[in-house]
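The values are calculated or read from the model by the stated rules, or taken from the named source; none is laboratory data. In this text the structure is predicted, and so the values were computed from the model without any measurement. Here the Cβ is made from the backbone with ideal geometry for all residues, glycine too, and neighbour counts use every protein chain on show.
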Amino acid sequence: MKNFKIKYLFHFLLLTSIVTSFISCSDDDNSSQGAAPVIESVSAAVDIDGNPVELTPTTIGFADNVYIIQGSGFKTVQKVFFNDTDTYFNPTLVTDNTIIVTIDRDTPYANASNELRVETLNGIATFDFVVAPPAPLVTSFNSINANDGDTITVYGSFFLDPTVTFGTTPATVVSNTLTEIEVIVPAGSFHKYVTVTTISGSSTSSQAVGTAIYDDVAASFVENYLGPWDGSGFVPNTEFKVQGESSIEANYSGYTGFKFPMYGASPSTTGYRGIRVSLRSTKETGKFKVVLNNNYGAGKEVSFTNQWTTFVIPFSELGGAPATINEIVFQEFNNGGGDKLYIDDVGFVLN
């Protein structure tokens, strides 16, 4: 609590010093107090760490950040709006030429007016100003094993007016919402990562095209008898997932294994450094032993919780990289009488 108070005291003193400097520069100039307001520029007052920065005019801002509106006729300001959202301001941080204001965190950024509006007793001033969303976040895409020319879905958040690249190659966006993008895979995308860019930044997928072993469906080289050793089978679960539309849900008795057989067309490990997998238990803790090619002596135990945990396991921790992989087994190893477990986003990791 003490640190919290000190932090906000610092910000108050900082803003007070800024507005005081503007007041001293104004020299009590009252010539515009009866005139309609005019907005000349907007500048960020502090950087992301709360440190003061040189005032540089901008037409883009972010929620929860502090900005200085400069112009004239602000002395009788009544309201400040960003994208038609009434934004609180401290009257003590207002002069006839400046308003210091923090953009409200609930200010909309999609389908918005992209306008700053200042209302005073003498009139209204407007200014073209975009409240940008947070930086985009790519969580997954599907299908990972897509071919050139396929249409895939990229999942994530804050996809406002996005552009998409596969590696460095631009892709055609078919449609998008704030959480999904339909995009056409460009030529030469095998083993390329997917990057989404917006006005606020970029985010790149953790998976590369063509690296899936299982992503809602099994890869072509995985044989159709994948599943638990006891033959109990599994079902897709659409509620709990980290990639695509579903995960694998299976009930495990103690030490039962879930196998991914690949004997008929064993994939090469060339170009890969390990495997990835996301795991989730219905208990507070779960544990698997991950085994390649029946090498149980070199298997790696991994622990997880009732929330998703993503693992990148190098081949060096699984007995070394074989030339090809004919089987991956996830063996229940919690010794707790079994569990219902979820498996998702099984695939290879590029070098």
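Among the residues of the stretch 147-159, those identified as assigned to a loop (DSSP other than H, G, I, E, B) and buried (at least 20 other Cβ atoms within 10 Å of the Cβ) are F158, F159. For the stretch 33-40, check the following and say yes or no: at least one residue is on the phi > 0 side of the Ramachandran plot and either in contact (Cβ under 8 Å) with a residue 60 or more places away in the chain or in the same structural domain as R117 (by TED's automatic domain parsing) (or both). No, the stretch 33-40 contains no residue that is on the phi > 0 side of the Ramachandran plot and either in contact (Cβ under 8 Å) with a residue 60 or more places away in the chain or in the same structural domain as R117 (by TED's automatic domain parsing) (or both). Among residues of the stretch 255-274 that are β-branched (V, I, T), those with a Cβ under 8 angstrom from a residue that is part of a strand (DSSP E or B), sequence gap 6+ or separate chain, pair up as T256/P228; T256/Q331; T256/E332; T269/T324; T269/F348. Considering only residues in the stretch 301-349 that are of a type in the set (A, V, I, L, M), within 29 Å of the chain's Cα centre (by Cα) and surrounded by 15 or more Cβ atoms within 10 Å (Cβ to Cβ), the one that is modelled with the lowest pLDDT turns out to be L341. When I124 is tested against (1) surrounded by fewer than 17 Cβ atoms within 10 Å (Cβ to Cβ); (2) outside the structural domain of T195 (by TED's automatic domain parsing); (3) not in a strand (DSSP E or B), only condition (3) is not met. Under the condition of being more than 26 Å from the chain's Cα centre (by Cα) and modelled with pLDDT of 95 or more, which residue from the stretch 265-284 is surrounded by the most Cβ atoms within 10 Å (Cβ to Cβ)? Applying the filter and picking the extreme gives T269. Residue pairs whose Cβ atoms lie under 9 Å apart, sitting 6 or more positions apart in sequence or on different chains, and linking a residue in the stretch 159-179 that is touching a residue at least 60 places away in the same chain (Cβ under 8 Å) and in the same structural domain as V196 (by TED's automatic domain parsing) to a partner that is loosely packed, with under 15 Cβ neighbours inside 10 Å and not β-branched (V, I, T), are L178/A110.
Among the residues of the stretch 63-82, those that are buried (at least 17 other Cβ atoms within 10 Å of the Cβ) and in contact with a Lys or Arg (Cβ under 9 Å, 6 or more places away or on another chain) comprise A63, V80, F81, F82. Here is the figure for the stretch 285-297: residues that are surrounded by fewer than 19 Cβ atoms within 10 Å (Cβ to Cβ), part of a strand (DSSP E or B) and at pLDDT 95 or above total 1.
Within the stretch 186-199, the set of residues being touching a residue at least 40 places away in the same chain (Cβ under 8 Å) and either within 12 Å of the chain's Cα centre (by Cα) or surrounded by 18 or more Cβ atoms within 10 Å (Cβ to Cβ) (or both) comprises S189, V194, T195, V196, T197, T198.
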